[in-house]
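The values are calculated or read from the model by the stated rules, or taken from the named source; none is laboratory data. Here the structure is a predicted model, which is why all the values come from computation and not from measurement. Heads up, the Cβs are rebuilt from the backbone with ideal geometry, glycines too, and the neighbour counts pull from every protein chain shown. SASA here: full protein model, heavy atoms, side chains in, ligands and nucleic acids out. Shrake-Rupley method; radii C 1.70, N 1.55, O 1.52, S 1.80 Å.
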Amino acid sequence: MGKPSGRRIVVAVVAVLAVAAAAAVVLRVLGPAEVETVARGAYPAAPTPPVGVIGRLPVAPLVVDGRLRVYAGARQVYADQPVSGKHRVTPFWSYRRWPAKLVGVLAEGTTVVSRWSDGKLVALDARTGRVAWRADGPAPGAVPKPRRTYAATVWDPAGLHVTRAADGRTVLVAAGPGAVGGYALTDGRRLWRAEVGRGCRADVGTTAAGELVGVDSCAGPAAVEFRDAATGAVRTRWRPPDAPGQLVVTPVGCRDGRSACRGLRTSGRGDETGRGWLVGAGEPVAAPALDGPDAELDGERAVGTAGGVVTGRSARTGEELWRRADLGPVRILAVEPGRVHLLTQGRDLVTLDPVTGAERSRFAMDIGRDGTGWQPGRAYAADGYVAVERLRERARPDDDDQGWFLMAEPVLLAAT
């Protein structure tokens, strides 16, 4: 057989190169990947915006360090600035992963932690958008598909919490079906990992005293489990007096999402009342002022809105500290340290000092010609900023996003 001609050699080489190029494209498109787009500008200063509605946004913002707004997407976490901007603008930085999906985001100081569907934990430096560390966490299990604002992803991340341990370290806790782990927030080092029951245990959040709270029914009647967030050791198992068989535990008085909480409310499934408790060292202490769903906690002060009257009470004793009967029916939108944010029937946002009941600010939650014909959805507050989803007045939980949200930019952001 003769030697192949030069033309045949060229054709063969071209074919090989084409196959290699196609393989590279397939690998690039279908293979695991991450894209880190860091900030090109300087870290912005914290602004002091005038009190009132700042603007409207298509997605829910997480306020970070009083300087940035961080958002979530299906496979992306990204930031824009200034925090007081009227609209969402070109990202200050962005981080993408594929094919994993983003399931949760939280921020502590200048660290933004993202949790992904494959269990990976990725921390970003908010000042630059650079990856600070990566860690393997427990798989999060099935997470409900978020609505288009991704409010649940950034304001209430499933199974992702922070707290400060007794030795001063800030600990990140990630929980999933069958496992839970603690990580040093500074560098992502895993501090501990514990295997837990599947289908018989649910995490609740973390306390301000450095504990992870869960409800465990794996070995008997449902009990509240308090686990040291720094070591993973179970400190206390506690069951409320006269607790129902199906115990529901809701954290209250949390600094962010379900992190660093100072209280709990226990109830039975389908029970809308519940009993309030303060949590700290040892077993929870009864807090009668937190009984019922219309009360929230700031430190050891409970603010309630029953009967169209806003009251501030000692959470431990129920003693009334102040009373406001001039606001009419209101709803507590959000609480942050030193501020309780209320929404009136006329859609005014009223911010009170929880210590004295004094009014810090009041203005209409309206912008342009949007009007006030809406009902509030999820809400969030941090650093004096308040964000709230606006839903259609007749929206039902089974509506699609178009029928659920008021408009394409349903989130209002305000400064109080």
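The residues on offer are D383, D348, D353, D366, and the sole one that is in contact (Cβ under 8 Å) with a residue 12 or more places away in the chain, among the acidic types (D, E) and within 30 Å of P144 (Cα to Cα) is D383. Residue under question is A184, and the condition is that it be within 30 Å of G384 (Cβ to Cβ) and of a type in the set (G, A, S); does it hold? Here the answer is yes, as A184 does meet what is asked. Exactly one residue out of V77, V89 is at pLDDT 95 or above and either under 19 Å from P157 (Cα atoms) or crowded, with 20+ Cβ neighbours inside 10 Å (or both): that is V77.
Checked against the criterion of being at pLDDT 95 or above and over 26 Å from L62 (Cα atoms), the candidates E225, E296, E211, E283 yield just one match: E225. Taking the stated definitions as given, is R331 assigned to a strand (DSSP E or B) and under 25 Å from the mean Cα position of the chain (by Cα)? Taking the combined requirement at face value, the residue satisfies it.
Taking the criterion of being among the acidic types (D, E) and open to solvent by 30 Å² or more (accessible area, probe 1.4 Å), the residues of segment 182-230 that qualify are D187, E195, D203. Taken together, the residues in segment 150-167 that are modelled with pLDDT of 95 or more and surrounded by fewer than 16 Cβ atoms within 10 Å (Cβ to Cβ) amount to 0. Among strands (runs of 3 or more DSSP E) entirely within segment 373-416, having at least 2 residues that are over 16 Å from F363 (Cβ atoms) singles out 375-382, 385-391.
Listed here are the residues, each with its yes/no results for (1) part of a loop (DSSP other than H, G, I, E, B); (2) free of Cβ contacts under 8 Å to residues at least 24 places away in the same chain; (3) of a type in the set (K, R).
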{"position": "P251", "(1), (2), (3)": "no, no, no"}
{"position": "L264", "(1), (2), (3)": "no, no, no"}
{"position": "D271", "(1), (2), (3)": "yes, no, no"}
{"position": "G276", "(1), (2), (3)": "no, no, no"}
{"position": "G280", "(1), (2), (3)": "yes, no, no"}
{"position": "P293", "(1), (2), (3)": "yes, no, no"}
{"position": "E296", "(1), (2), (3)": "no, no, no"}
{"position": "G307", "(1), (2), (3)": "no, yes, no"}
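For segment 131-149: of the residues being in contact (Cβ under 8 Å) with a residue 60 or more places away in the chain and under 18 Å from the mean Cα position of the chain (by Cα), which is least open to solvent (accessible area, probe 1.4 Å)? Ranking the candidates gives T149 first. Within segment 181-213, the set of residues being touching a residue at least 40 places away in the same chain (Cβ under 8 Å) and of a type in the set (A, V, I, L, M, F, W, C) comprises L185, L191, W192, V204, A208, A209, L212, V213. Residues of segment 334-367 that are open to solvent by 30 Å² or more (accessible area, probe 1.4 Å), within 17 Å of A295 (Cβ to Cβ) and assigned to a strand (DSSP E or B): V335, R339.
On the stretch given as segment 113-130, residues that are of a type in the set (D, E, K, R), in a strand (DSSP E or B) and touching a residue at least 24 places away in the same chain (Cβ under 8 Å) total 1.
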